[in-house]
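Contents: one structure, followed by commentary.
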Amino acid sequence: MSADEGLVGIASRLLDRARPGEQVEVYASRGSSTSVRAYNGEIEAFTQAGSAGIGVRVVIDGRQGFASAGSLDLDVVALLLDDARDNASFAQPDEANGLAVPKGPTRHPLDLWCADVVERDADWKIAQAIALEAQVRAADPRIVGVRAASYSDSIGERAIVSNMGVEVHDRGTFASLSVSALAKDQSGTTTGAGATYGRSTHDLDANVAAIDAVRRATQCLGATKPPTMRLAIVLEPRMAATMFGLIGGMLSASAVLKGRSLFAGRIGEQIASPLLTLVDDPTDVRSFGADSHDGEGLVCRRVSLLDAGVLGGYLHNTYTARRMGTTTTASAARGARSTPGVGAAALQVVPGSGALEDLLASVELGLFVTSMSGLHSGVNAVSGDFSVGVEGMMIRGGALAEPIREATLGSTLPRLLTGICAVGADLEWQPSGTGSVSLVIAEVTLSGS
C-alpha cells in the first residue's frame, strides 16, 4: 500500500467540479488483509485480499445525495458526483443536512502505522499460526484438540476532503493471533478461546493467547446447572467491555433521535453507580479504535459520557448535533460506502482500584462470568430488559468454586449500572476499541434449575 497522499489527490479531483451553492464531500479508502488458519499442524486456509472504496456526498439546499463505488478507477470515480447530484434531487430537504465545518482544536497527530505488518512475509505468518496450535495442544493433557489457530492482519488508509475545508489523510495497521481450544474429561467437553492483539506484530504474544485459551477451556470442565438464586456477579474486562459496547450504542444521539435509547432525555441525571466514569477517547493510542479524525474529518477529542454515574451527554455527528441544537462531539462513524452515522470509537471505563483477584475476594456469594451468549438479542435498548445465557465459576467466601453452565442472568441495564459496587484497576483493551476493567455488580438474578 502506498503511504503517499494519493487518495487525497483522487478525492480532490471531484471537488474541482463542485457547482456554486453545492457542498461536496469525498471519502476514499483502500486496504488489504491477511488471514491464516492452521489445523492439525497444517494450513487449513490462507487468504489475502484487497479492498477499495469511494463515497461522494452532495448537499444542495438542504437536500442530501450520496453515491459510492468499490473502485478507485478514475473513470468510475468521475461518474459519482453526477450520481450523487441526481440522488439529492429526489431527497426531502432537511435543514439539519450539511457538511462538517472544521473549527476548534487543531489536528492531534497519532501514529497508528507499523511497517512490520506490511513487511512480514507469508511464511512467517503461517509459522505463527502453526506454532500457536502446537503450543496449545501440548499445554495440558486435557486439551484434546484445537478448533482453529489463526493469524490475521489488516492495513488501511483513508482520505476525507470537502469544499468546506476538510482535508484528512491517515492510515493504520492491526495484527492478531487467536486460538480456540477443546478440553475433555469424564464430565464432558468444553471450549475456550484466547487471543493477543497489536498494531505491530512485535506486540503479539503467543503465550498470552495459548494460556488464556487453555485456562478457559479447562476451568469449566464438570460444569453443572445451578439453582436459581440472587447473587453478585463479577465481570472480567472482556465481559464488561461487551456490555459497555451495547451501552455506548444507546448513548449515540442517533439512537436517541430514533427513540431507541433508554437514556433519552436523561442528561444530568444519575443513571449509574458513582463509581463508574465512562468516556469515549479516540485520542488514546492504547485503544485499537484510536483515530485523529472522525468520519467527517473533524478532529477527535475525549468525550465524557458518564461522570461518577451522571449522564453528561450523547455522542454526536454534525447532523445529530444540528437536530438537537448542540455541537458535534466528532463521533461520526462510517466507511466509504455509507453516509456518516454516530458511534463510539474508543470507549473507556476509567479504572478504579484493585486487581481481579481483589474483587473476587470481596464477594461472599457470586458468579464469575466467563461467557455470555445471546447478549445482542437479549437486551432491549428501549426498556433496558437484560436476559442472557451465562457460564462461569461460582464464588464462595471470596474464592472461585464449582463451574456452572446452562444458566440465565436476568435484570435491567439501569439496575446493572446502578448496582456496580466495585471497579477494578485492570484496564484491558479489546479489538473493538473498548477499554474496560473488572466489575462487581450486586443483586442479580441467576436462573437455573
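Throughout, read-outs are computed from the coordinates displayed, never taken from laboratory work. In this text the structure is predicted, and so the values were computed from the model without any measurement. Glycine gets a Cβ as well: all are built from the backbone with ideal geometry, and neighbour counts include every protein chain shown.
Which of the lysines could a cross-linker span from Lys125 if the Cα-Cα distance has to be under 30 Å and same-chain partners fewer than 8 positions apart are dropped?
Lys184
Helix 122-137: angle to the longest alpha-carbon principal axis of the chain, degrees 0 to 90, nearest 10?
Around 20 degrees separate the two axes.
Tell me, what is a quarter of the convex hull surface for the C-alpha atoms of the chain, in nm² with one decimal?
Reported value for the Cα convex hull: 22.4 nm².
Taking GluC sites (Glu not before Pro) that fall in a DSSP loop and have at most 15 other Cβ atoms within 10 Å as cut points, what is the longest piece of the chain between them?
96-268
Per the helix-only calculation at 222 nm, which mean residue ellipticity applies to the chain, given -39500 (n - 2.57) for every DSSP H run of n ≥ 4 and division by its residues, nearest 500 deg cm²/dmol?
Details: 10 runs with 98 residues, N = 449.
That calculation yields -6500 deg cm²/dmol at 222 nm.
For the chain, modelled as a Gaussian network with Cα springs under 10 Å, which listed residue fluctuates most, Ser51, Ser178, Ser436?
Ser51
So how tilted is helix 237-250 from the main axis of the chain? Cα-based, degrees 0 to 90, rounded to 10.
40 degrees
Taking the chain as a Gaussian network, where each spring joins two C-alpha atoms under 10 Å apart, which residue of Gly50, Gly194, Gly104 fluctuates the most?
Highest fluctuation of the listed residues: Gly104.
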